[in-house]
Amino acid sequence: MNEDKIQSRSLIAEKSSVEKEIIERISWFITLRWIIVAGICITSLIASFVLRIDLPLISILIITFCILIFNLACIYFQQYVKSHENFANIQISIDWISLVFLLHYTGGIESPVIFYFIFHVIIAAILLTRKACYLQTTFALLLISGLSILEYFNIIPHIQIKELFADPIYDNGLYLLAILFFFITSLYVSAYLATSVTNRLRKREKEVVVLKNNITDAYKKLEAIDKEKSDFTFKVTHELKSPLSAIQSLLKSIEEGYAGEISQKAKDLIIRSEKRTSFLITLVNDLLELVAGKVEKPREGEMELVDINKAVNSIVHLMQAKTKAKGLRLIINATPKPSYLNIISDDLNLLLTNLIDNAVKYTKKGGTIKINNILTDDKIIIEVSDTGIGIHKDDVNKIFDEFYRAGNAKTVELDGTGLGLTIVKNLVKRHAGNIDVSSELGKSTTFTISFPA
């Protein structure tokens, strides 16, 4: 059932793509007709007034004027037509008729205008199906053959261009048959070659459309799987959080002697167990925050205007004990005026906490942490810099991956979930922001977050 839906969707998308392609080609065809009309007018005027060729200029200009009016009508009706393929067929048919009239007034089958028919066959191959192209080619040949026969038997007058053909060669029946034979074969060969190339291109285009649809379906399936994984992670971690907190509380009670005196050895084991339990609680909390950060868009009503200066100061205030313990110098460069960011307050606090906490954690005693709040015309930028251990160039592109920790980070702090920066990146992405990192190993690291103002 799902495969039928996918196939149906692919066919609809393919049909839509083909229809769009025909519309674009028709627009190109209409534009090309302007160029042809201008070319005919300019050529005719040059031939008449510069080269002194005796042409029925008024008749030619009337034909080109009619083509001009027809082109304007095509532009007007293009937006109302239901079948663009039929619309293309009608245009080509009328073009054939216009070309035959133009051919008649410029010397009949002797006229150089006859080469326009070959160009038009190629255009028909681009716009139409192979069958429709062959039918249009046959229609053109019937018109040309009919004109030649009518002129040959003097049913309509043959207009001879004496400057091109001084001797009356049109009366030669063998010549007429030879020209018609070679012209007919040329048109059909042109139609065959043009449609063969066009059909191959259309086949490739259809394959690309199908491939694109398959990739889209696969991506949607992966998204669904990722959502199921996130839901499962959320449920499991949420269920683990309460019992782990209870275990930590009980271990803390035993450690502090509420259950009676215990030996030093037992106390050491309990302290180690409590420490491990604390790490598990941290992991559970990080997993919960990671899942929450993967939500693509905040729900309506969750967003509020938050002053980034106040938000940064609030997080720094919470970090005071840690920064003082390591003797770190903390520099905050706030914006001259309040800079309000439309964001979920908890999300901003969480990403700032992770970045500043990392800076404190991986900066050696006596180091410096600098936080810059920058307001531009279209962005709000937050920079968190430190003079810490830095990041190796091979690790820079991996630090945002889930559970990844750089090698030098593990030497500073053994325990760590490797989820902090992943959470930060997800939260930044959730609010249409961008995060960059620059670092020099052993010297400094700067994280730059930018949000649309």
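The values are calculated or read from the model by the stated rules, or taken from the named source; none is laboratory data. These figures come from a predicted structure and were not determined experimentally. Glycine also receives a Cβ, built like all others from the backbone with ideal geometry; neighbour counts cover every protein chain displayed.
Within region 49-89, which residues are β-branched (Val, Ile, Thr), touching a residue at least 12 places away in the same chain (Cβ under 8 Å), part of a helix (DSSP H, G or I) and over 22 Å from residue 20 (Cα atoms)?
60, 63, 64, 67
Filter region 431-442 down to the residues that are buried (at least 18 other Cβ atoms within 10 Å of the Cβ), small (Gly, Ala, Ser) and in a loop (DSSP other than H, G, I, E, B) and list them by number.
Across region 431-442, the qualifying residue is only 433.
Whether any residue in region 170-192 is touching a residue at least 40 places away in the same chain (Cβ under 8 Å) and under 23 Å from residue 57 (Cβ atoms) is what I want to check.
Yes, region 170-192 contains at least one residue that is touching a residue at least 40 places away in the same chain (Cβ under 8 Å) and under 23 Å from residue 57 (Cβ atoms).
Out of the residues in region 33-48 that are within 39 Å of the chain's Cα centre (by Cα) and touching a residue at least 60 places away in the same chain (Cβ under 8 Å), state the one that is surrounded by the fewest Cβ atoms within 10 Å (Cβ to Cβ).
Going through the qualifying residues, I end up with 36.
Please tell me if residue 428 is outside the structural domain of residue 272 (by TED's automatic domain parsing), part of a helix (DSSP H, G or I) and touching a residue at least 24 places away in the same chain (Cβ under 8 Å).
Yes.
Are any of the residues in region 340-347 crowded, with 19+ Cβ neighbours inside 10 Å and under 14 Å from residue 312 (Cβ atoms)?
yes
Go through (1) in contact with a Gly (Cβ under 8 Å, 6 or more places away or on another chain); (2) surrounded by fewer than 20 Cβ atoms within 10 Å (Cβ to Cβ); (3) in a helix (DSSP H, G or I) one by one and return the number of the condition residue 134 breaks.
(1)
Sort out which residues of region 71-99 are crowded, with 17+ Cβ neighbours inside 10 Å and not acidic (Asp, Glu), and write them in order of number.
Selection gives 71, 74, 84, 87, 88, 89, 91, 92, 96, 98, 99.
For region 403-424, which positions are in contact (Cβ under 8 Å) with a residue 40 or more places away in the chain and surrounded by fewer than 19 Cβ atoms within 10 Å (Cβ to Cβ)?
Step one: list which residues in region 403-424 are in contact (Cβ under 8 Å) with a residue 40 or more places away in the chain, which gives 409, 412-413, 415, 417, 419-424.
Those that are in contact (Cβ under 8 Å) with a residue 40 or more places away in the chain and surrounded by fewer than 19 Cβ atoms within 10 Å (Cβ to Cβ): 412, 413, 415.
Can you name the residue in region 137-152 that is more than 19 Å from residue 32 (Cβ to Cβ) and among the small types (Gly, Ala, Ser) and, of all such residues, is surrounded by the most Cβ atoms within 10 Å (Cβ to Cβ)?
148
Among the numbered criteria (1) under 27 Å from residue 29 (Cβ atoms); (2) in a loop (DSSP other than H, G, I, E, B); (3) not aromatic (Phe, Trp, Tyr), which one does residue 171 miss?
Just one mismatch for residue 171, condition (1).
Does any residue of region 90-112 turn out to be farther than 28 Å from residue 160 by Cβ, of a type in the set (A, V, I, L, M, F, W, C) and assigned to a helix (DSSP H, G or I)?
Checking region 90-112: at least one residue is farther than 28 Å from residue 160 by Cβ, of a type in the set (A, V, I, L, M, F, W, C) and assigned to a helix (DSSP H, G or I).
Name the residue that is farthest from the chain's Cα centre (by Cα), counting only residues in region 302-315 that are surrounded by fewer than 17 Cβ atoms within 10 Å (Cβ to Cβ) and aliphatic (A, V, I, L, M).
Ranking the qualifying residues of region 302-315, first place goes to 305.
Rundown of residues vs (1) at pLDDT below 85; (2) basic (Lys, Arg); (3) closer than 30 Å to residue 217 by Cβ, yes/no style:
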{"position": "2", "(1), (2), (3)": "yes, no, yes"}
{"position": "8", "(1), (2), (3)": "yes, no, yes"}
{"position": "13", "(1), (2), (3)": "yes, no, yes"}
{"position": "20", "(1), (2), (3)": "yes, yes, yes"}
{"position": "36", "(1), (2), (3)": "no, no, no"}
{"position": "49", "(1), (2), (3)": "no, no, no"}
{"position": "62", "(1), (2), (3)": "no, no, no"}
{"position": "68", "(1), (2), (3)": "no, no, no"}
